[in-house]
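Read through the structure below, which is laid out as structure tokens, and then see the notes.
Any read-out appearing in this document is the output of simple, stated calculations on the displayed coordinates, not a laboratory observation. Just so it is clear, the model here is predicted, and its values are computed rather than measured. Here the Cβ positions follow ideal geometry from the backbone for every residue, glycine too, while neighbour counts run over all protein chains shown.
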Amino acid sequence: MLVSNDKTIVIITYDYERYLLEINLRSINKYLEPCEIIIIYCDKNLQYNNWLTWAQKCIVPLIPNHTIHLYDCNYFYQASTVKNWRNFAYALKLFASSVVSSDCYWSLDSKSFFFKPTIFTQLLEEFPRDLFLEGYRDDLSYFSNTYEIQNTKYKMWTHPFKFITSVCREMVAQKINFELHPDLMVNYSEQLNYQAFCYKNNIELSPGQCSVNNSIAYPGRKYSAKQLIAYMKSKDPAVRCTGIHVSVAEKFDKNTFNAIITYVGGKDLIPKSTPWTFN
């Protein structure tokens, strides 16, 4: 039976992002009201037992006021058959619906973290935009053709992103296809697939409440440490989450990276037991 609330976070993670995941969980403990957290391990090396030992020792004790559940990706799908692990990780955000107990849930990346005191009513969804005109023609054409729909207004595939649990369960029951044809010039997007499915089945989605709800540092942009701090520590009241993409983190040494995190979210977000692995 689903509980009528949305105080659930789903995080998909892999070994290389352990340092970022610890920052994420420390931020949740510091800034986010008590909630359920579902973390799914998805790494093609399939070293779940090793990861679980680390997580139980280094991660779970960090969030005593939250309820945390740890899963291996094999719980949801036979991982040995997966060809595209990146797409599989995205699709797991939909598969996760089978273990969610609330009627909605928010997906959050390992690289994300909170930097402001937050309750769930302050987490806002972004307005849908005409992404077709913003250069995402191939991606949108694939999902529009798959679902035979014309609607081109989509929310951006950024995190935090809110999913309706029952809709995701229906998508899983209908065997969502995340193993896209290799000739396609698109990557799987759980958010676009989810929205297209809703449009196809006349499921009403939230109209959105803000233009942007995160300040995550993505690759393709050049930042100095000072510029990155100013960008991430957004003063926009709708932005409560930030983060650093792995390829951006790799450009900084450990001390500089930790200084950035300290300026944005506080010194208590810095990992104490997880090794630095980025350079």
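In a Gaussian network model over the chain where Cα atoms closer than 10 Å are linked, find which of ILE40, ILE28, ILE68 has the largest mean-square fluctuation. Fluctuation is largest for ILE68. Checked against a 27 Å cut-off, the cross-linked pairs LYS7/LYS226; LYS93/LYS222; LYS162/LYS251; LYS116/LYS162; LYS7/LYS254; LYS162/LYS272 give Cα-Cα distances beyond that limit for LYS7/LYS226; LYS93/LYS222; LYS162/LYS251; LYS7/LYS254; LYS162/LYS272.
A crude spin-label estimate for the pair ASN187 and LYS44, with each label 7 Å from Cα along the Cβ direction, gives 1.4 nm.
Exposure proxy ranking for SER234, SER273, based on other Cβ atoms within 10 angstrom of each Cβ and starting from the fewest, stands as SER273, SER234. Pairs of alpha carbons in the range 8-213 separated by more than 31 Å make up 18% of all such pairs. Here the Gaussian network model covers the chain, with springs between Cα atoms less than 10 Å apart; of GLN78, GLN150, GLN195, GLN78 fluctuates the most. Shown is the FRET efficiency for TYR16 and GLU204, computed with R0 = 35 Å from the Cβ-Cβ distance and rounded to the nearest 0.05: 0.35.
Quantify how much of the Cα-Cα distance distribution of the range 15-128 extends past 26 Å, in percent. When all Cα pairs of the range 15-128 are counted, 19 percent exceed 26 Å. Legend: ranking of residues TYR77, TYR199 from fewest to most surrounding C-beta atoms inside 10 Å; resulting order TYR77, TYR199. Charged side chains reduced to their Cβ positions (Lys and Arg at +1, Asp and Glu at -1) give the chain a dipole of some 860 debye around its Cα centre.
For the pair LYS175 and LYS267, the difference between a 0.36 nm per residue extended length and the Cα-Cα distance amounts to 28.7 nm. For the range 146-251, the alpha carbon positions stretch 47, 35, 24 Å along the principal axes, listed from largest to smallest.
Net charge of the neighbourhood of THR152, taken over other residues with C-beta under 14 Å away and scored Lys/Arg +1, Asp/Glu -1, is 0. By the count of other C-beta atoms within 10 Å, a proxy for reagent exposure, LEU94, LEU2, LEU46 are ordered fewest to most as LEU2, LEU46, LEU94. Note on ASN255 and ASN151: the extension gain reaches 32.8 nm, defined as 0.36 nm multiplied by sequence separation minus the Cα-Cα distance.
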